[in-house]
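Below: one structure, written as structure tokens.
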Amino acid sequence: QLSFDYYPIGTREYSVEKQLDGSHLWHDLEIVRRAALKRDLPMWYYYQGQKYHFHKYEYAFTAEMARVLANAGILHGVKGLQAYTEFEGPVNPEDGGRGVFFEETKQYNSEIRAMNNTLMALTCDRVIHDSTLLSDCTVMAALRTPMEESELLTGELRPRLSVSEHHDAYGNRYLMVLNREYEKTAHAQLSLKNPSHVYKFSREDGEQRMV
């Protein structure tokens, strides 16, 4: 497998206002995704699950931050997903018991397990971000996939929205949508290129049901 870890929250490039939108995480995930796809290797990803003591920036790490980092990996088609935690987070570092957001992490892991069989069978074809993400970054500019290359969608994405397109061995197409804003719930309207039957994953049982 091709494996890497990434801990962007609290680093020098992190900003409360921009959240993860100023992070190099997005083009680095895309570089690794393309490398894994080219070599037919499963992509593994360790995401940040806590605040680090060596970070100079003062902030409170939350379960919502961990969730969006994990979902960023799934958006890019990872097959191995793990959180690095040693201090404060889902695990109490003093006794190995339940940490400050143990229950939230348990619920998230349950949702991913419900969809696991399908997620493992998918190949990520492309990741598309809205135009505001790292708009002044030359690396991102070289890696950015324009909406015109989408096989499923048309139009523009609203700010702080990312999507990815996947397929399985039977030719079924899958669309994943990520709200990069981890402090607020977002609503988005997406336009399909062609009339289609649309099914939605259930986080509870992993079943796909027509919407």
If you place +1 on the Cβ of every Lys and Arg and -1 on the Cβ of every Asp and Glu, how big does the dipole about the Cα centre of the chain come out, in debye to the nearest 20? 380 debye
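What fraction, in whole percent, of alpha-carbon pairs in the chain exceed 28 Å separation? Walk me through the intermediate numbers first.
Values: 6238 of 22155 pairs.
Every Cα pair in the chain considered, those over 28 Å come to 28 percent.
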Relative contact order %, the chain, counting alpha carbon pairs below 8 Å whose residues are six or more apart: 18 percent
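Counting heavy atoms of the protein chains only and a 1.4 Å probe, report the per residue accessible area for the chain as a whole number of Å².
58 Å²
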Fraction of accessible area attributable to carbon and sulfur, the chain (%, probe 1.4 Å): 50 percent
Of the options S135, F101, L192, report the single residue whose Cα projects farthest towards the positive end of the charge dipole of the chain (beta-carbon charges: Lys, Arg +1; Asp, Glu -1). L192
Ratio Rg/Rh, restricted to the stretch 102-142 and using Cα atoms, in which Rh is the Kirkwood radius: 1.20
May I have the pair-distance distribution P(r) for the stretch 108-207, computed from all Cα-Cα distances with 5 Å bins from 0 and rounded to whole percent? 2, 11, 19, 22, 21, 16, 7, 2, 0
Using only Cα atoms, what is the ratio of the radius of gyration of the stretch 1-80 to 2.2 N^0.38 Å? 1.12
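The values are calculated or read from the model by the stated rules, or taken from the named source; none is laboratory data. Values in this document were obtained by computation on a predicted structure and should not be read as measured data. Because the Cβ atoms are built from the backbone with ideal geometry, glycine has one as well, and the counts that use them run over all protein chains shown. What goes into the accessible areas is simple: the full protein's heavy atoms, side chains included, and nothing from ligands, DNA or RNA. Shrake-Rupley method; radii C 1.70, N 1.55, O 1.52, S 1.80 Å.
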